[in-house]
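The values are calculated or read from the model by the stated rules, or taken from the named source; none is laboratory data. Remember, predicted model here, so these are calculated numbers, not experimental data. Note: ideal-geometry Cβ built from the backbone for every residue, glycine included; neighbour counts use all protein chains shown.
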Amino acid sequence: MFKWLLPILLLITQHAWAISPNAKRIILESSDPLANIDTFNSYVDSLKPTMDLDPEALSKVTLTATGQVSAITSRVSAISFTQGTAANQPYLSRPDQVENIQLNAEALGGSNWFAIRSSISANSTAAPDGTTTADTLIEDSSTNTHLLSPSGVALTSGVKYRFSGYGKAKERTQIRLLASGAVPNTGLNVDLSTCTEITTTGSPLNKTYTSVGNGWCRFSFEVAATSTASGYQEFYLLNAGSQSYAGDGASGLYLWGAQLQRASMQPSYIQTTASPIYGSLTGRRGLVFDGSNDQMTSASYTSAIFAAGAKEAYIITDSNTASGTQVILRPASSYFDLRISGAGYQFVNYDGTGDQTQSTHAANRVELFSFRHASGYLYSSIQGGPETAGTASGDTTNISTALTLGHASTPLNGNMYRFITFNKTNSPAVRAKLQRGFRKFYKTQ
């Protein structure tokens with residue numbers, strides 16, 4: 001009498017089998033905290049951290065008109081770090097590896113560019129991107145060099161940089177791009193009519209000459225800074241290969257898109273105006289500390305961030321260099337310092353009992369540093385590796401002063417991507433899962 005039910009039951013069964021693989025995947029993804037960054041952040045939140053500084057949470061970041069960070073607030077609490085002085089404010093990086101720290105990359109007649117024995121005719125022809133933003137560099141009538149020189153850009157010793165620009169032949173068909181200052185004098189002489197090399201100065205690395213259409217040539221090279229100082233990229237007009245000649249007061253060539261970036265970034269061009277644009281090695285945003293005087297301060301150190309003492313903390317950074325001292329965390333007291341010192345991470349004088357070093361650090365590498373306090377010892381780990389135990393009674397409980405990210409004289413020279421603290425010691429399984437998540441989503445090596 002229930003034969004009419006059989007087709008319906010068969011139809012329901014067929015549909016159930018059809019959707020079950022997707023359903024299983026959905027169930028698995030929802031239960032896997034490492035499925036994506038959102039599920040991982042939900043997992044972190046479920047562990048009840050006391051603080052989670054994440055520059056990717058843009059609603060928690062306060063930016064100035066020049067793109068610097070004046071405040072950042074925890075994702076999970078009201079704890080914030082602030083900096084009111086522009087000279088000490090870090091920048092916020094992009095979530096990719098596109099970078100240009102040369103200001104006014106297309107406004108070559110702007111305030112930070114200087115036409116020497118030459119002049120700029122602004123927006124005089126179509127640029128490689130099709131906009132009428134390319135300028136003409138015109139020589140004067142003197143017998144000398146005729147060039148365009150920018151204000152200096154702060155470079156770091158030991159870091160390799162990429163210098164580049166776009167040129168197009170007009171009355172003059174040859175150009176010289178010269179890098180100087182913090183880098184050894186290094187340059188390219190380029191024939192724009194054929195987009196080929198004429199000659200070089202110094203030892204430019206990874207030279208490129210690329211025709212990009214409509215007569216435009218992009219040229220670039222890389223060179224490492226040998227001092228921490230200002231660097232410059234200058235564009236010289238050439239006449240028959242010579243950079244010193246008698247100008248006619250009218251001849252010139254087209255110029256556009258000056259770019260200076262770390263060689264670890266992608267060579268893709270991006271425009272700048274009055275502020276630099278920094279890239280990220282992780283694919284996620286970070287606070288960009290300048291290695292000179294950037295720092296941010298929170299007055300909530302003991303009462304909120306670490307409460308009765310930080311039982312566990314994770315911090316993700318990268319650095320442009322493996323030399324010198326770079327302070328990552330420092331309270332106003334002398335009891336606790338987390339810093340990079342040369343090729344290692346150091347806890348310095350924590351709880352007055354001595355130093356502890358993790359001797360693994362490399363430039364241009366994203367690194368996860370974690371530490372926890374348990375049974376009277378402070379344990380630290382780099383990249384999720386084996387823990388090192390410090391001196392007995394090493395602790396952070398007696399710190400009652402403000403905490404700074406960076407330092408007014410020796411801050412991190414690189415990005416800070418995340419800083420999380422717990423007022424508890426998580427289980428080994430939880431710590432391992434957190435470390436796997438940080439390494440996966442922040443590309444630590």
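Numbers at a glance
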read-out: Every residue from region 206-234 that is in contact with a strand residue (DSSP E or B) (Cβ under 7 Å, 6 or more places away or on another chain) and surrounded by fewer than 13 Cβ atoms within 10 Å (Cβ to Cβ); value: Asn206
read-out: Residue list for region 409-434, restricted to those being more than 16 Å from the chain's Cα centre (by Cα) and assigned to a loop (DSSP other than H, G, I, E, B); value: Ser409, Thr410, Asn423, Lys424, Thr425, Asn426, Ser427
read-out: Count - residues of region 95-128 that are crowded, with 18+ Cβ neighbours inside 10 Å and among the charged types (D, E, K, R); value: 2
read-out: Residue tally, condition in a strand (DSSP E or B), under 30 Å from Gln261 (Cα atoms) and touching a residue at least 24 places away in the same chain (Cβ under 8 Å), over region 232-249; value: 9
read-out: Only one of Phe163, Phe114 that is aromatic (Phe, Trp, Tyr) and under 19 Å from Gly247 (Cα atoms); value: Phe114
read-out: Residue that is surrounded by the most Cβ atoms within 10 Å (Cβ to Cβ), among those in region 46-59 that are within 17 Å of Asn415 (Cα to Cα) and not acidic (Asp, Glu); value: Leu53
read-out: Qualifying residues in region 135-170 (those that are β-branched (Val, Ile, Thr) and modelled with pLDDT under 95) - the one farthest from Ala182 (Cα to Cα); value: Val159
read-out: Strands (runs of 3 or more DSSP E) (entirely within region 123-230) containing at least 2 residues that are hydroxyl-bearing (Ser, Thr, Tyr); value: 143-145, 160-168, 196-201, 205-213
read-out: Candidate set: region 306-329, residues that are within 16 Å of Thr404 (Cβ to Cβ) and buried (at least 24 other Cβ atoms within 10 Å of the Cβ); chosen: the one modelled with the highest pLDDT; value: Thr317
